Each structure stands twice: as structure tokens, then as C-alpha cells.
Amino acid sequence: MKKELPKAYEPQKYEDKIYKTWEESGFFNPDNLDVDDQAESYTIVLPPPNVTGTLHMGHAAMLAVEDILIRYNRMQGKRALWVPGTDHAAIATQTKVEKIIKEEGETRHTLGRDKFLKRVRAFAQESHDTIVNQVKKMGSSCDWSREAYTLDETRHQAVNSVFKLMYDDGLIYRGKRIVNWCPRCHSTLADDEVEYREEDAKLYWIKYGPFVLATARPETKLGDTAVAVHPKDKRYKDMVGKEYDIPGVLGEFRVKVVADRAVDMEFGSGAIKVTPAHSFVDNEIAERNGVGMRQIIDEDGKMMENCGKYQGMTTTEARKEIVKDMKKMGLIDHIEDDYKHNIAVCYRCDTPIEPLPSLQWFIDVNKPLRGRKQKTENRKQKIDWEGKSIKDVCLEVIKEGKIKIVPKRFEKSYFHWMENLRDWCISRQIWYGHQVPVWYRAGNREQGTGNNRDKEIYVGVEPPEDKTNFVFLHGFYRTREVKDPLNWLNQKLARKDNFWEILPKSEKPKLKEQMNYVIENAKINEDTIIVTHSLGGILAMKMIEEHDLKIKKLVLLSSPIIPKTKSKELIGYNKGNQIDFEKIKKNVKEIVVFQPYEDHVLPLEENEKLAKFLDAKLIKVEDSASHFNEDENQEILEELKNNIWTQDEDTLDTWFSSGMWTFSTLASSPDQIKIEDGKLVIDSEDFKNFHPTQVLETGYDILFFWVARMIIMTTYATGDIPFEDVYLHGLVLDNKGKKMSKSKGNVIDPLTMCEKYGTDATRLSLVIGSTPGHDLRLNEEKIAGYRNFANKLWNIFRYAIKNYELKIKNEKIDINKLSLVDAWIIKRIDDAINEVSNSLDNYKFSQAGEWLREFTWNELADWYLEAIKFKKSQETEKVLNYVLINLLKLWHPFIPFVTEVLWNNINSEKQLIISEWPKVEKSAEDKKQIIEQSNSFNLIKDIITNIRNARVVNKVEPGKKVKALVIAGKKKELIEPQADIIKGLRTGIEELEVVKSGTKPDKAIFISVGEIEIYLIGAVDEEKEKKRLKDLIERLRQLIKMTESKLSDKNFVERAPEPIVEKERGRLKEFKEEVKSLEKQLKSF
RNA sequence: GGGCGCAUAGCUCAGUUGGCUAGAGCGCUUCGUUUACACCGAAGAUGUCCGGGGUUCGAGUCCCUGUGCGCCCACCA
């Protein structure tokens, strides 16, 4: 009893089950593949989706293409590895969470760093889980055992290591430079994170000393330090080099006139004011001409204290006021109202960017490297860095073809981008991300004092060793209105191992008891800093005195003087407990006293005295309503921080970490990433086996953001390329060519489509009809179309399984026993094998898919399966097996689910996912024979098609059976055996006579195929047939005319290649013969 | 301002180094329940390959130029 498949393919029933069996088989992991030791590896890293939400069609397209490549190469016996992962997408993720908490009335600052980051992590985790499920739903065969995250421990190790190496190589530096500053995000932005928006503005023509010049931002006048003109501008020739006092709203200021080519003589009056602190162009002009800068706008986008009465205003407010004041002073010449210009905005929050000088970390892209140590073993493309900069190397790897970009035209924009690259600002003032691996602390005491001390800097993979520990001692009297500064400091310092906070045991403890408690519990040594509040100070000093403790530092927050006693005694506690100040001074290296308020029950002079006695630094903090408000605590915090290593609070640009994605993902734990002898070592089998990767497949929109950054980071860190090829897919747009977006309501959701039409159909719709670098317009009908196709494939197998014995193994086919149609279909599937392999090797996915569709539907289903219903050969079953097995294999990379389900129906041994990719293995002789027979079947096909056509044109009723006479000449032997097929395939012929030669019947429908003449008897409609013949003749005559004129052209005959001319001659002959027989036939009416 | 891409059937798009009587899918028209499939089958219609020059025996394909659309980069002080 043969099994029977359901009538229609229902993807929902199978997909999840199939994916599970794949996962359980372990074959997504190349280590489990049954390949020989010599097998090549084939690696793709998944461009990690941002953990900001869900997948869209662009992701789906990406996954489809990458899965095709991976499955194809896996079937070819390679160690195929597809590494999945997600990206923390620093700014994007943080912004998203900020929006969420905004609805709860919170900001990241009200929550605080720790709580906020907790929220971000929770959000990222949830987002991650959704994304992973979606990736799986798409059928992606990634190795989940190697999943990575750009912010996990291993990647963190890579980030810190590379940062350190680059710092040591002098490629990373910290500098105060003009940056793109977003006042809302409170962070820098990379150049390409800035977008431009056209806005209506005003152009102010202002009187500027001897000049009149045009500006859109009169408020920046407060920061002007120069006026620039073009060197060739005759108008201002004599003024260049001179200095002028310019009247302004805050009085006169002096500017120098400089000549610079960056000035456009055509714009305005040809003279421009130069504000070096708040404009990139101005900054460059200033630098070239040795002019200083004056910053007037702060990080909140507000005017700074050097702006007089405008201080604290936003730039917009200040502009209004300043213009008003300038008008009063007669400094405005005139104002143009209809001025349009582009303003720079933040790509995340659309807030206008304020360029301003800021202390940031940069990667120098122009610095030539010398004597750089590099790992040389295991490298495929050895890159020689000697004397080259990042820019040089990144241009070189593309120019020399070490990395190929598909399509090639993107190389041009890559070059342009790379050539014009400025130093890359890598620090961000956001919280979610890799913190800059740099630590600071105050230098030696001798080098300076207070906050002005020189900072020591430490750059490293791990935090620097820091023996310092803190012991916090509370005052005994803590009232409700007194805030708890120690607890606050504790939290802010956030140090794990070497931190102690000693709390009073009870409200009224005995001093001895307290001291014993502290000595027992706190580890006090020479590196200890004791911080006390109020009466805790007595405790501390008494302890130091009695136990002869030697410590690093004692910090007294507010003097431990008992207010109630108002004693003249300097320090008194429980009467008679005087403190030996000399001993304290001897045992404590540094003592600091904070006096937090002036107007308090505690007299200020007592603190001063105390400080004096202790030879301590006294720091006064401003008067305040309560004890130690947060601002004052900041000052104390700084003082404490100066003693220990504290990490740079900035985080790194997310692309800094994702730039390492190809190699950082090939380590499985932090200890596999090391710096040895000034080189980065990735000590993992995976790195040896799978790097560089073969192809990086991603959207062209992140060529610069990501692909270029990967080339920068990888060539530097490994001395090798990250990937051999870059395949750039287009964007997925809606039906009208618009970007899909929720607000437009034109989103086609991949998961919904998978549910509705099946994942296979969704994948095909994204692959077929799509070419690299070109956007793809998608509509639901297209997906439905491929659903239909999957069903067609299903039914091909349904039919075949029902009627034939399908086995998994290719059985030897006896070429001599084939029918014509057998040979024909073998030829076609062999062509498909070659064509699909070739297309896939060259990233022509669409072409491969179209070929297969054409073969499956229009050749296999429409012809072969129909033909063998009427005529089987001894070999038909074997041939069908051969065709179907290979067909499933060829289709599998594209539509993995339905093919695997069908495969399981005819085979239980081995999964399709690891079956061997088909190859055509036939002798030249066999091939020749097959081609011959296949050509013969093409003739039969022609005959059938022509008969069908003639019937329809003659309006022969479909059901009407006719007789046919075939005058076949030499082809009689060929055609006669095919009579069953000709009759069977919807030609409506019930009787077919084939003769070598004979008299043609009158009044029949005439069909000429080459030298073969076919007459359909008993159905002719004279008028229609005459018209059909005439039309045919007319068309042929035109062709003859064209061909003749071609052939009579001497130039053509002489210059065109021989085979082309020969072909034309052959065609002409055929046309003429056909016309002749058609005319003969026409005359018979 | 600099660069790139696109313009081919009603729609979405293929068209490799020039050899083309210019193709596919969808849609459309006519017909068809032949037991794999109506998510099907048969047949059919539809094109100044954006305009204008040029190179060539030959141009949808190469060059120049114009028009329209889209994108990227730079940025207007």
C-alpha cells in the first residue's frame, strides 16, 4: 500500500517540528558534521540584529540569503559555520528604554546608573529572546551553541584588549576636539550618526567692524575669534592679517582677518565670522591660521557664564535677545527671511546637534604605524602594516582585491568614504555599552594639590590593582533631617572587595565597645582610608591612638565636636578622652576635614582649629539648608576618588565592539583572548579554523557604519582580513517603493507572512527578483505566488510517491534504454545542477531560483510528468528518482522546510540538510547521446505545442477529437514511437498516422515543424485557417527580409564571426522552406 | 556642490564579455472538473527596451548628451 500525502502542503504543520529535528541533529554545528579532516571551512557571521525590538523584512531577506549560502556550502561537504548573535546597539537601545521610562515619569538620571542599566538589560534580554525565536522561525541554520552578544564577557575582553593595543600603538588618543554633541542625549555622535534636515531660517546681515557679513547664527558672535575671507578675494586683500576691534553686544572684541580657501566668495559678502569652538569648518580655518577658540555654548546647549546676561539661555533664546540688542545698537544691516538651510540633527532623537569642544577618545586614522608586532601564523592574507595608517590599509585591502565587494560599484563609495575619513570619535556619554577601559587617579601628592593634581592614567584590559579600602564610620547621632552622606558615598564608590562600612551597634554605644567592633570587623592597614561623619571621627582617632593603627587617610566630615557642651576644650567626649594629635598625625599620611556649613550649631572655628591641630587640609563646602546635600557630597566624592582608581565613565561607540565581530565571536571565553608580547592572541580552535570568514552579507546601508569599521578593527587586531567577500543586499520596500514603517502602516511583517504562507514562500519572495545592491519591492501577492509554488512542488511529489517507487539512492541508469522524454528531462536536470551551482557560486540567488522554478513547474510538471502518464520506458522510474532527488537537493537551500518534509517521506536514513550537493557525473559519450535524444524530444514538444496552438486558433472545440497525418520523411522512425505522448498531451488527436512521404490531405489544418508536415483532419475552419496561414507567412516573410538584408551586407558577412553568419544562413533557409510549404497549403483552400 | 543607481509588457522585475525574431512572474483575454495540484491546466494578447546623438557589420547591452525618479556623501557660515 503506497502512502499518500495530503492534498495541499500546510507549512504550519511541519515547520517547527522540522527545525527542531535539525537542531537536535546537531548539524548546525560544523563540529558534528561528518566531513574529512581536509574539508574546507565556510564561515558567515550573522550581522547581529540590534536588541531594540523585532525583526523586519530586511532581516528576513538577510537571513534567507545567508541560510542559502550556509546550506549550499554545508551540502558541498564544507565545515559550514554560521555564527549568530545580537548587538547591544548602545545609543539605540538606551534611547528606546528612555522612551519607555519617560511614560513612567522617570529619566535615566532620576533612576540612577545602576537601576537604569538594570532596566536596559531586562529590555535587551526580552528583545533578544524575541529575535532569536524569529531567526529560528525563518529556518536559519545557525550554530546556536556559538551564540554571542556584543556586550558579553568574551566580547568585552576583546574590546578592552584591542583598545589597549591601539592605545599603546598611539592610535587611540584623548583630546579636546570639536565633536558633534547632542544636547538631549548628552553624548557625542560619530560623523555618520548625524543627519541633516532642511529648515526655514533667517539670514542676518550684520555690521561687523569694517565688514558686513551674513550669518544664520548671530548668537555665536560671542565666540568669534576671526574673520575669514578667500585668499583671492580682491575686496578684502588689504585687510588680511590685520586685527580689528569689533563692537558687540558685550562690548568690543578683537578678531584677526585670515585668508582661507574654505571660504566661498559667492556667499554673502564673501567674508565670514569664525567661531572655532562651534563649527567644524571654522575650527579647521582657525587651526590652519593659528587662531584660538572661545567656547560659549555648554553641553546642555546653553550659553555659558562668559556670555554675560545671556548666560543660561538656550541658543535659540540667546539668538532672539542678541538680535534684539544688536538692532538697538544698529549692528544689524538687514535680515533675509526666506533663507533655507540644513541643520544637523541627532539620528536617534532628531535634536539639533551643537558642535562643541569636548574631551573625547579618538582613533587616529592617519597615523603611520611603525614596528608594530603582529601575529603572523594562520593568516590567509598577510597585511603588512609597516609605515601605513589605518586609512592606508583599509584602502589597500579593497584595491588589491583581498576583499571583494558585490556589487562592485560600492567599492567606489567605500574609497570615497575612507579617503575622507576623519579621526573616529569612539567615546560616548551614554551608559549602556562597554565602558572605556581607562582608569584615573590623582598623581602623587607632591605633584599638585586638590582637584588640580595631575591625574595618573591607566589603560588596561583589567582594572588596575588597588589595595585601598574604605572604612566608613557613622556618627552616633543620626537624626532624621541629617542625610546620610556615608551611605551615599559608599554607593557612589561602588567598590566590591575592599570596602567596609561600620555601623554603630546601638544608639548609645560605649566607645570601647565600638572600637572593638571596628577592629574586629574591618581590615585596617596602611592602605585604608577611614571616612567618618560627625562623632565617628572621635571613634576613628581614638582607635588610631589606642591601637596604634597606621592608615593612609582620614577624612572627617564635619567636626566631631559635641555641640551641647560648648566646651572650650577642643575635643571632648565623655570627659577626659582627649586625643593625642601628634600620634594621629604620625600614623595617618593625610588628613582632610570637611566643614559642611557655616551657620550651624557647630562653630566654624572649631573645625578650623581641629584642622590646624591635625595639620589637615580643610575644605569648606557652601552653606546649605541640610547637612551635606548632593552637590557638596560630589566634592567629597571627588576627594575620595582621587585616592583610588576610577574608571572613565564614558562608553565606547557600539561600532567599536561590533567592528570585531568576525573574530571576537570565534572565542568562547574571555581567557581565550590575550595580549602576548604586544600582540593580540585569540587562542581558540575556532579562530584558527574559521577566520577569516568567507562572506559578510549585509545591507548596503551599513557599508560605512559597520563593514568599514570591521575592516578597520580586524586588519588592525589580527593583521588579516575579516572576510573575503562582502555581499550587499538592498532594502526591502513596500509596493510603492517606500520604506516600510509603522507610522505609514505599510509594514509587511515577516512572521505574519510565515504563518500565512509558510516560511519557504516568504524566503523565496525575498530572494527571487532581487539583485545585490538593489532595493526590493515586496507585496503580499508575491509571497502568495510562492506559496502556490511550494504547493506545486508538494503535489509533484504527491503524484510521484503515489505512482512510483521512490528511493533515496540514485540507481545506475542505462542510457541506452531511455525514452526521448527521459533523456530530455535528464538533460534538463543536469543543466539545472550546473546552472544553480554556478549561480550560487557567484551570488546570483535570484537567477538560480528562477531557473529552478522554471524547471520544476514548466518542464518537470508540465512535460515530463504528463508525458510519462502515457509512455514509460524501462528506466522511467529510475530517471524520476534521479530527477526528484536532485531537485530536492537543489531546492533545499532556498526552501528548506518543504524539501526536508518531502525528503523524509521518501527516505528515513539521513536528513536532507546534510545530503550531498548534486554533481553531473557522466561520460562525454553519455552526455552526447543524451543531448541528441533530448533534442529529438524538443522536436516532439514543438509538434505538440504547434498542434495545440493551431487547434485554438481554429477554434476547434476542446473536446473534439481529430485525426492527424504526419509526413515525417527521415524522422518517421523518431516520431512514430512518440505517438502515445503526442496523442496524450492535450492535442485531441485520437488517430495518428506517421508516414515517410505521402499526399497531403485537402482542407486540413496544416502545421509545419522544420521539414515535418502535420495535418489535422476533420476540424478545419477554412477562414480561420487561411488567416492563420497568412499571418504565419507574413511574419516569416518579414524575417526573411531582415535576414536577407543582413546577409547581403558585405560588412556583416566579412566582419561578423563565422558562426554568426552561418547561423543566419541556416535560419534563412529554414524560413524559406517553411514559407514554401505554408503557401502550398494555403493554395489548397 | 560631488558621487552612485534606476528608467524594458498594465504591475514587479530578469536580461552575463554587444549576436534578440526582447523574456519571467503577477495581472488580463479565451477555453478547460483529462483521478498530483483550481494554491490547477491549455492557448493567447500586450513593448518607439526614457529622448537625442555616436561607436560598430550589428546596440536593450558600449560612449556622449538631455529628461524624470531614487539614494549616498559633503555641507551653505
Solvent-accessible surface ranking, highest first, for A:715, A:316, A:52 at 1.4 angstrom
A:316, A:52, A:715
Could you pull out every residue, at least 5 positions away or on a different chain, whose amide H is within less than 5 Å of the one on residue A:495? Hs are placed 1.01 Å off N in the peptide plane, and Pro or chain starts have none.
none
The farthest towards the positive end of the charge dipole of chain A, of the residues A:757, A:538, A:693, given +1 on Cβ of Lys and Arg and -1 on Cβ of Asp and Glu, is A:757
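Counting only other residues whose beta carbon sits under 9 Å from that of residue A:79, what net charge do I get with K and R as +1, D and E as -1?
0
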Rounded if a/c is under 1.5, else prolate if a/b is larger than b/c, else oblate: which is the stretch A:635-748, with a ≥ b ≥ c the root eigenvalues of its Cα gyration tensor?
oblate
Going residue by residue through the stretch A:656-665, the Karplus relation 6.51 cos²θ - 1.76 cosθ + 1.60 with θ = phi - 60° gives ³J(HN,Hα) values, rounded to whole Hz and with x marking Gly or Pro, of 5, 7, 6, x, 9, 4, 5, 9, 5, 6
Taking A:915-924, A:689-698, A:999-1008 and ranking on average Cβ neighbours within 10 Å, highest first, one gets A:689-698, A:999-1008, A:915-924
Could you order peptides A:140-153, A:778-791 by the average number of other Cβ atoms within 10 Å of their residues, highest first?
A:140-153, A:778-791
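Going by average Cβ neighbours within 10 Å, how do the peptides A:455-462, A:280-287, A:56-63 rank, with the highest at the top?
The peptides rank, most packed first, as A:56-63, A:280-287, A:455-462.
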Over chain A, what is the percentage of antiparallel beta bridges among all DSSP beta bridges, to the nearest 5?
55 percent
Lys and Arg at +1, Asp and Glu at -1: neighbours of residue A:866 with Cβ under 13 Å from its Cβ sum to +4
Which one of A:131, A:151, A:717 has its Cα pushed farthest toward the positive end of the charge dipole of chain A, where Lys and Arg give +1 and Asp and Glu give -1 at the Cβ?
A:131
Surrounding net charge for residue A:1035, when Lys and Arg each add one and Asp and Glu each subtract one, Cβ distance under 14 Å
+2
Over 24 Å (Cα to Cα) - which of A:404/A:922; A:542/A:609; A:802/A:927; A:941/A:1000 fall in this group
A:404/A:922; A:802/A:927
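When the chain is fully extended, how far beyond the present Cα-Cα distance does residue A:386 get from residue A:235, taking 0.36 nm per residue of separation?
Full extension of this stretch gives 49.5 nm more.
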Quick calc, residue A:746 & residue A:417: beta-carbon distance into FRET formula, R0 30 Å, rounding 0.05, result 0.45
Give me the percent of DSSP beta bridges within the stretch A:941-1046 that run antiparallel, rounded to the nearest 5.
60 percent
What is the distance, in nm, between label points placed 7 Å from the Cα along the Cα-to-Cβ direction at residue A:456 and at residue A:908?
7.3 nm
Using a probe of 1.4 angstrom, how much of the accessible area of the stretch A:288-341 is carbon and sulfur, in percent?
46 percent
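Summing -39500 (n - 2.57) over the DSSP H runs of n ≥ 4 in chain A and dividing by its residue number, what mean residue ellipticity at 222 nm do you reach, to the nearest 500 deg cm²/dmol?
Counting only the DSSP helices, I get -12500 deg cm²/dmol.
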Keeping all protein chains in place, calculate the accessible area per residue for chain A (probe 1.4 angstrom), answer in Å².
46 Å²
Residues of the stretch A:892-928 with amide nitrogen under 16 Å from the 7 Å Cα-to-Cβ point of residue A:807?
A:906-910
With the full set of protein chains in place, find how many percent of the accessible area of the stretch A:68-151 is carbon and sulfur; take the probe as 1.4 Å.
50 percent
Please give the charge dipole size of chain A, origin at the Cα centre, charges +1 on K and R Cβ atoms and -1 on D and E Cβ atoms. Round to the nearest 20 debye.
2780 debye
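So, with a 1.4 angstrom probe, what is the percent of accessible area on the stretch A:842-969 that is carbon and sulfur?
44 percent
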Sites residue A:347 and residue A:305, calculated FRET efficiency, Cβ-Cβ separation with R0 30 Å, nearest 0.05
0.45
Residue A:752 accessible area, assembled protein chains, probe 1.4 Å, Å²:
70 Å²
Put +1 on the Cβ of every Lys and Arg and -1 on every Asp and Glu Cβ in chain A; which of A:740, A:84, A:346 then has its Cα farthest towards the positive end of the dipole?
A:740
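The values are calculated or read from the model by the stated rules, or taken from the named source; none is laboratory data. Remember, predicted model here, so these are calculated numbers, not experimental data. Cβ coordinates were reconstructed from backbone atoms using ideal geometry, including for glycine residues, and neighbour counts include every protein chain displayed. Surface areas here come from the heavy atoms of the whole protein model, side chains and all, with no ligands, DNA or RNA. Shrake-Rupley method; radii C 1.70, N 1.55, O 1.52, S 1.80 Å.
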